[in-house]
1. Straight-line reach from LYS16: which lysines have Cα under 25 Å away, leaving out those fewer than 8 places along the same chain?
2. What is the angle, in °, between the Cα long axis of helix 7-20 and the longest principal axis of the Cα atoms in the chain? Nearest 10 is fine, range 0 to 90.
3. Given LEU32, LEU183, GLY42, which one lies farthest toward the positive end of the charge dipole of the chain, if we put +1 on the Cβ of every Lys and Arg and -1 on the Cβ of every Asp and Glu?
4. Sorting check: for 54-60, 235-241, 8-14, 80-86, which peptide has the highest mean count of neighbouring beta carbons within 10 Å, and how do the rest follow?
5. Charges at C-beta only: +1 for Lys and Arg, -1 for Asp and Glu. How large is the resulting dipole of the chain about its Cα centre, in Debye rounded to 20?
6. Which ³J(HN,Hα) values in Hz, rounded to whole numbers, follow from the phi angles of the stretch 228-238 under the Karplus curve 6.51 cos²θ - 1.76 cosθ + 1.60, where θ = phi - 60° and Gly and Pro get x?
7. Report the calculated FRET efficiency for ALA19 and ASP39 (r = Cβ-Cβ distance, R0 = 30 Å), to the nearest 0.05.
8. Please give the calculated 222 nm ellipticity per residue for the chain, where each DSSP H segment of at least 4 residues contributes -39500 (n - 2.57) and the sum is spread over every residue; nearest 500 deg cm²/dmol?
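No lab work stands behind these numbers, since they all come straight from the coordinates. Note that the structure is predicted; figures quoted are calculated from it, not measured. FYI the Cβ positions are ideal-geometry reconstructions off the backbone, even for glycines, and counts take in every protein chain you see.
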Amino acid sequence: MTSTANFSQRIDSLRKLIAEVDAIIIGAGSGLSTAAGLDYAGDDFRREFAPWIERYGITDLYTSSFYPFETEEERWAYWARHIWFSRFRTGGTELYRRLLTLVGGKDWFVVTTNTDGQFEQSGFARDRIFATQGDYAYLQSRSGEDKDLIYCKDWVFRAMAATEDCRIPASLVPRHPRTGELLSPNLRCDDTFVEDNRWHRQAERYHDFVRDHYQGRLLLLEFGIGFNTPAIIRFPFEHMALNFPQTALVRFNRDNPGTYLEGLPRFIAFAEDIAAVIRQL
């Protein structure tokens, strides 16, 4: 198996793999959501964040996450819209639904660094998804000391409706319902990130899935994972493909399709558009 074959040959090889394997692990990074049309610096972003762009000079959803707002009212007016834009605005997308159809006849599991909930919203079973870096749908204690997460969809829509001049009323600044502590989005950015009971349960399920299938015919489908956090999915997938006897790795990556481990016996790379490849399949 080679990553240097022409496109149709690689498509045929991947079709054959999907038909023959016993289990599939999907590993997903931000490139998959970008391919699904979730552009966090494009026209949609500029339209929805026009007041913040004008007032604060923000340029994209990622870098604006670190903007040092002077007040909690400003911070949470921004974050309400950020969470809505990233998590609740679109619902499930066609690409993710196509991917579910592609793997639906197999035993599968998802491990992802994405926090946009696209897998769950597109019909993937929640108990088969390990979102390692958090989920925009939840808030947590700012200190990380309390380990309960708070579902925030209702608050997001109330805060957006009450936003005026890039601020929300002080009464809507989210606080922990039991302790009164200020909250933060449940996103891994430092050591305050809350890994709640469900996070640990899903981590265990993922590891159990790998253990149950590592000696069988296992396919690793890796989508859009670069080098921000390669130790979570990218590097472990390569080690599995090298060391598990019947495991194949298929990497979808426009900018970094190659491997850092040499001699992977079952490896295919696609630098082509992810959505176009999935449509071919």
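1. LYS16 reaches LYS106.
2. 90 degrees
3. LEU32
4. Working: 54-60: 13.6, 235-241: 18.9, 8-14: 15.7, 80-86: 22.0.
Ranked by mean Cβ neighbours within 10 Å, highest first: 80-86, 235-241, 8-14, 54-60.
5. On the way: 33 positive and 39 negative charges, 159 e Å.
Dipole about the Cα centre, nearest 20: 760 debye.
6. 5, 9, x, 6, 7, 10, 4, 5, x, 4, 5
7. Numbers: r = 33 Å, r/R0 = 1.12.
My answer for the efficiency is 0.35.
8. Numbers: 12 runs with 107 residues, N = 281.
So the helix-based figure for the chain works out to -10500 deg cm²/dmol.
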